[in-house]
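Participant: Below is a structure I'd like to ask you about.
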Amino acid sequence: MNSKFPNLLKPLDLGFTSLRNRVLMGSMHTGLEEVKNGYTRMAAYFEARAKGGVGLIVTGGISPNFRGWVAPFSSKLTSKRTARKHRLVTNAVHKYDTKICMQILHSGRYGYHPFNVSASSIKSPISKFKTKALSESAIQSTINDFVRCSKLAKYAGYDGVEIMGSEGYLINQFIVKRTNRRNDKWGGDYINRIKFPLEIVKRIRLEVGKEFIIIFRLSMLDLVEGGSSWDEVVHLAKELEKTGVNIINTGIGWHESRIPTIATMVPRAAFSWVTKRMMGEVNIPLITTNRINTPEIAEKILSDGHADMVSMARPFLADPEFVNKAMSNKPEEINTCIGCNQACLDHAFKGKVASCLVNPLACHETEIILNNTLKIKSIVVVGGGPAGLSYATTAAQRGHKVTLIEKSNSIGGQFNMAKKIPGKEEFYETLRYYQVMLKKYKVDVKLNTLFEPVMADKYDNVILATGIIPRKPKIKGIDHPKVVSYIDVLKNKVNVGSSVALIGAGGIGFDVAEYLSHKGESTSISTSSFMKEWGVDMSFLARAGIEGMKPSLSKTDRKIYLLQRKNGKVGAGLGKTTGWIHRFTLRNKDVKMINNVTYTKIDDKGLHFTRNQKEVILEVDHIVICAGQLSNNSIFESCKLVNLNTEIIGGAFHASELDAKKAIDQAVRSAAKV
């Protein structure tokens, strides 16, 4: 069969070995590295991706010593005893024609512990701990630790290592003036500052031999003041090639950079232009990365000459069969990563095991088992939102006879509103996936149908995924004509006036504010518009891509007020890794964020409230209620009387805040057991 993706599926010859395709599963720290039975769980997790067809896997970051820990007692490789445990992982992957490299990551000043070190004693803005500058002897010792770690990785059965030299970790901290203020041979001019990475690679190659893959993750675009210039990046790339690196992987941005690089509002393949600039400067393969989530995008990157290989990390959380589905010319069956960060990065930064909003099986392969059912049941799922869709497709995949009943004229529920938010267009992909799965697994979908409790006796099991209803706060005048709900705005397309107050500053309030403040085409669709909006110089005349540049966020024509009762930071409950982006964009659009509010009344003048014992009137055209929701489970008891096997899932079960992650996870786990 001729493939739609010839460049993506083409083997890559490295001389002493080859990769079966041009797809790298990029490094992600999942938290499995530190949990009980972690190596067994990692083996299952990586095996699923190897079985799914990926050419090369890079593990999550493993520290070469305790000072390089990301956090206390995080994963490190310093002994043969630990290396033997890693063989569970390498043996599982090598059942298939897939190579696996271990990433060696020294966190440097990013280490969230009191032992962290760096090139200079400059505290990180994202860690509360002070940083100690490495002495000359400590530098030599650290280099030796990198070498030892590489040798142990080879002993453990890995096909190679990736040296983490980007994202602002230790090696990157030596390379740039921002964090390297030394005046010895490891600091000062650029030639001295890059001695550290070059010495690491040189000594590793000497010890592991020629037939061992060394990938260097090079920070090609630092996106921080005091980062590398483009000429410096090219110089280091050429020196790395001379020193024995087989592949250079592209690193984009530092963790402390105030420019989004992988969140859902970032355009697809937004940074492949950076890798393209490097093409031809070196004679070893280059990998490009960031927000590549479909085989079509990956194929275009390769066919346009932007890179020799593409790295996709989170897309393999979303769908381990990504490559096999592309190979079978069935890309429509891929469960696409939506870049939400909610279950992957947010979990990782909270010290929790990572997973995936659209695929709860990710990192939980040993505990959620989707076996074919031994007893086929007739199941009705009421509600076609995230929970209902997940339950219906999972149960049907296992062999049950499933009917999905939805009262509206389309599936999707809350996803149909989320997809309308500028920067959240990826939800269209999730809906496409579910539509394909419903058809593939022959789910009988009945739209425009109201489920009555008397219908419950027709089925073996009744699953109520009836979602939520908006909460109506008790405020005098709440039924005033100026008042509308977020559903009225996002779904029913109510015309909102030129001034508006939003009651509630959770995820819904921020989404509505983004929706109402946006002008023109979504910048998540246009790379050039996105870079202009955030102040990134695509010509790379500006050092690190940003020095001297200013964001050009478009102001809103509306007066928008975002209010919350709590006295803390507005939007404090937003995603750990994306909340700052939402706050930043709205502030730059002049959206006023007001906390510590006590609502008094709503009348013809507008919204009355008190704050710090002062009475305030917002003379606005509309007040949008975004104050949470209640479970819509009113028919549960009636259904239970008719059918004891009635279950509630999703928002109908728990609706403190709209949470598709919890809804889908609960649905899949329940459907796995029915």
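The values are calculated or read from the model by the stated rules, or taken from the named source; none is laboratory data. Please read all numbers here as calculations on a predicted model, not as lab measurements. Cβ coordinates were reconstructed from backbone atoms using ideal geometry, including for glycine residues, and neighbour counts include every protein chain displayed.
Participant: If I filter the stretch 586-602 for residues that are part of a strand (DSSP E or B) and assigned by TED's automatic domain parsing to the domain that holds residue 400, do I get at least one hit?
Facilitator: For the stretch 586-602, residues part of a strand (DSSP E or B) and assigned by TED's automatic domain parsing to the domain that holds residue 400: absent.
Participant: If I filter the stretch 1-32 down to residues being outside any loop (DSSP other than H, G, I, E, B) and in contact (Cβ under 8 Å) with a residue 60 or more places away in the chain, which single residue comes out as surrounded by the most Cβ atoms within 10 Å (Cβ to Cβ)?
Facilitator: 23
Participant: Could you check how many residues of the stretch 414-424 are more than 15 Å from the chain's Cα centre (by Cα) and not in a helix (DSSP H, G or I)?
Facilitator: 5
Participant: Here's a check for you: in the stretch 613-629, which residue that is of a type outside the set (D, E, K, R) and outside any strand (DSSP E or B) is farthest from residue 567 (Cα to Cα)?
Facilitator: Of everything passing the filter in the stretch 613-629, 620 is farthest from residue 567 (Cα to Cα).
Participant: Also, I was wondering about something else. Residues to consider are 491, 519; find the one that is in contact with a Ser or Thr (Cβ under 6 Å, 6 or more places away or on another chain), under 20 Å from residue 420 (Cβ atoms) and of a type outside the set (Asp, Glu).
Facilitator: Checking each option against the conditions leaves just 519.
Participant: Find all pairs meeting these conditions: Cβ atoms under 6 angstrom apart; at least six residues apart or on different chains; first residue within the stretch 262-288 and modelled with pLDDT of 95 or more; second residue acidic (Asp, Glu) and not in a helix (DSSP H, G or I).
Facilitator: Qualifying pairs under 6 Å: 285/308; 286/308.
Participant: Additional query: Of 35, 54, which residue is in contact (Cβ under 8 Å) with a residue 12 or more places away in the chain, surrounded by fewer than 18 Cβ atoms within 10 Å (Cβ to Cβ), within 25 Å of the chain's Cα centre (by Cα) and in a loop (DSSP other than H, G, I, E, B)?
Facilitator: Of the residues listed, the single one that is in contact (Cβ under 8 Å) with a residue 12 or more places away in the chain, surrounded by fewer than 18 Cβ atoms within 10 Å (Cβ to Cβ), within 25 Å of the chain's Cα centre (by Cα) and in a loop (DSSP other than H, G, I, E, B) is 35.
So that you can scan it fast, the table gives a plain yes or no per residue for (1) touching a Lys or Arg at 6+ places or on another chain (Cβ under 6 Å); (2) surrounded by fewer than 16 Cβ atoms within 10 Å (Cβ to Cβ):
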| residue | (1), (2) |
| --- | --- |
| 67 | no, no |
| 75 | no, no |
| 87 | no, no |
| 96 | yes, yes |
| 105 | no, no |
| 114 | no, yes |
| 126 | no, yes |
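Participant: Could you figure out which of (1) surrounded by fewer than 17 Cβ atoms within 10 Å (Cβ to Cβ); (2) part of a loop (DSSP other than H, G, I, E, B) isn't true of residue 610?
Facilitator: If we test residue 610 against (1) surrounded by fewer than 17 Cβ atoms within 10 Å (Cβ to Cβ); (2) part of a loop (DSSP other than H, G, I, E, B), just (2) comes out false.
Okay, residues lined up against (1) assigned by TED's automatic domain parsing to the domain that holds residue 311; (2) farther than 30 Å from residue 323 by Cβ; (3) among the hydrophobic types (A, V, I, L, M, F, W, C); (4) at pLDDT 95 or above:
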| residue | (1), (2), (3), (4) |
| --- | --- |
| 66 | yes, yes, yes, yes |
| 74 | yes, no, no, no |
| 77 | yes, no, yes, yes |
| 93 | yes, no, yes, yes |
| 112 | yes, yes, no, no |
| 123 | yes, yes, no, yes |
| 135 | yes, yes, no, yes |
| 139 | yes, yes, yes, yes |
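Participant: Would you please name the residue that is farthest from the chain's Cα centre (by Cα), looking only at residues in the stretch 529-551 that are surrounded by fewer than 20 Cβ atoms within 10 Å (Cβ to Cβ) and closer than 25 Å to residue 502 by Cβ?
Facilitator: Filtering first and then ranking leaves 551.
Participant: Ok, one more. Name the residues in the stretch 86-137 that are in contact with a strand residue (DSSP E or B) (Cβ under 6 Å, 6 or more places away or on another chain), part of a loop (DSSP other than H, G, I, E, B) and among the hydrophobic types (A, V, I, L, M, F, W, C), would you?
Facilitator: If the condition is that a residue be in contact with a strand residue (DSSP E or B) (Cβ under 6 Å, 6 or more places away or on another chain), part of a loop (DSSP other than H, G, I, E, B) and among the hydrophobic types (A, V, I, L, M, F, W, C), then 105, 134 are the ones that fit.
Participant: What number of residues within the stretch 570-594 satisfy the criterion of being out of contact with any helix residue (DSSP H, G or I) (no Cβ under 8 Å at 6 or more places or on another chain) and either farther than 24 Å from residue 350 by Cβ or surrounded by fewer than 16 Cβ atoms within 10 Å (Cβ to Cβ) (or both)?
Facilitator: Looking only at that region, the number is 6.
Participant: Let me ask something else about it. Take the conditions buried (at least 21 other Cβ atoms within 10 Å of the Cβ), farther than 30 Å from residue 261 by Cβ and hydrophobic (A, V, I, L, M, F, W, C) and apply them to residue 451. Does it pass?
Facilitator: Against the criterion (buried (at least 21 other Cβ atoms within 10 Å of the Cβ), farther than 30 Å from residue 261 by Cβ and hydrophobic (A, V, I, L, M, F, W, C)), residue 451 qualifies.
Participant: Quick one: is residue 641 touching a residue at least 24 places away in the same chain (Cβ under 8 Å) and under 27 Å from residue 427 (Cβ atoms)?
Facilitator: no
Participant: Within the stretch 486-501, count every residue that is farther than 17 Å from residue 514 by Cβ and buried (at least 19 other Cβ atoms within 10 Å of the Cβ).
Facilitator: Total meeting the criteria: 0.
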